[in-house]
1. Please find, within the range 261-298, the residue that is farthest from Leu222 (Cα to Cα) out of those that are in contact with a helix residue (DSSP H, G or I) (Cβ under 6 Å, 6 or more places away or on another chain) and of a type outside the set (A, V, I, L, M, F, W, C).
2. The conditions are (1) more than 18 Å from Thr151 (Cβ to Cβ); (2) of a type outside the set (Gly, Ala, Ser); (3) at pLDDT 95 or above; (4) not in a loop (DSSP other than H, G, I, E, B), and Leu29 fails exactly one of them. Which is it?
3. How many residues are open to solvent by 10 Å² or more (accessible area, probe 1.4 Å) and not in a loop (DSSP other than H, G, I, E, B) if we restrict to the range 41-68?
4. Tell me which residues, restricted to the range 85-112, are assigned to a strand (DSSP E or B) and over 14 Å from the mean Cα position of the chain (by Cα).
5. Please indicate, with yes or no, whether at least one residue in the range 234-249 is within 19 Å of the chain's Cα centre (by Cα), over 20 Å from Leu53 (Cα atoms) and in contact (Cβ under 8 Å) with a residue 60 or more places away in the chain.
6. Within the range 106-124, track down each residue that is under 15 Å from Ile63 (Cα atoms) and surrounded by fewer than 17 Cβ atoms within 10 Å (Cβ to Cβ).
Amino acid sequence: MDSELKERPTVPAWTLLIPALALALILALAGQVHDGRLHLWVFDVGQGDAIMLKTPRGHTALIDGGPGATPLLNSVGSHLPFWQHDLDLLVLTHPHQDHLMGFAELVERYQVERVVQTVFTATSGVQAEWLRELKRLGIPVSHPTRGQSITFEGEPELALHVLSPTTPDAHQEGASGDVNNTSVVLKLVYGEHSVLLEGDAQVEAERDMSLSLQTGLESDVLKVGHHGSDTSSSPQFLSLVKPKVAIISVAAANRYGHPSPQTLDNLQSTGARIYRTDQDGTVEIIADEEHLWVRSDR
């Protein structure tokens, strides 16, 4: 019996890539799907502050916009799903450039539901540009005062409590003439966990909070005030906060000498584990109802 040899059909090489590409896409998308935990990132944006919050139900808030648009947009884009183009909340703690510069371009790329900031006026510069953008886009703005809370729909177990300022009018620049002391200070509370976000509040604001709030200051995590300057993180204030973790947002080899040795000593005396964005990169806080974790890029 004669047998026939049949050639096995050849498969184009490019079709072999399809399963691998599909798997890579699935893994990438899996990394973008929210896991139902609280996430808070203190971004490594240089000498400035930019902090993003993702709530357990997926609401997104950004506290401060850093010293430039590029580091802010890169950081936000790498921690949000590529399809997300909206943000529930922006908070501007105070209108200094190292907290504001990235916001004007950010609101061009993301639809923002609301803004919280102190009252200030400006006729030129980045502050004026920001106020013009808010008006042009029609974004609702509210002004915080101690005792108020910022909440998210469907998440009664989570809130941002306003600890400072006592007046929303930052244009008055506080008794010391330093707008840093009018920074919006927020205490994020989620179940049993708490994170104190100090903005650039200095000793004067810390003293006022210490006298007025006392036990209300205690927090698991402290985002250290004013990039670790010796004008913040007073021993009295830290003794009331009692942080287990302290995070300093600061640029490497910055010209201000931040963080100061005195501040580092004060933080170490509390027993807190210290993270610095200049050394550790972006620092992330993760929490569920029972546990809290910290991880960093480096």
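1. If we filter the range 261-298 for residues that are in contact with a helix residue (DSSP H, G or I) (Cβ under 6 Å, 6 or more places away or on another chain), which is where we start, we get 263, 266, 270, 274, 296, 298.
Next, only the ones that are of a type outside the set (A, V, I, L, M, F, W, C) stay: 263, 266, 270, 296, 298.
On the way: Thr263: 13, Asn266: 13, Thr270: 11, Ser296: 15, Arg298: 20 Å.
Top of the filtered list is Arg298.
2. The one condition Leu29 does not meet is (3).
3. Total meeting the criteria: 2.
4. Across the range 85-112, the qualifying residues are Asp86, Gln111, Val112.
5. For the range 234-249, residues within 19 Å of the chain's Cα centre (by Cα), over 20 Å from Leu53 (Cα atoms) and in contact (Cβ under 8 Å) with a residue 60 or more places away in the chain: absent.
6. Matches in the range 106-124: Glu113, Arg114.
The values are calculated or read from the model by the stated rules, or taken from the named source; none is laboratory data. If you're wondering where the values come from, they're calculated on a predicted model, not measured in any experiment. Neighbour counts run over all protein chains shown; Cβ positions are idealised from the backbone, glycine included. Side chains included, ligands, DNA and RNA excluded: accessible areas come from the protein's heavy atoms. Shrake-Rupley method; radii C 1.70, N 1.55, O 1.52, S 1.80 Å.
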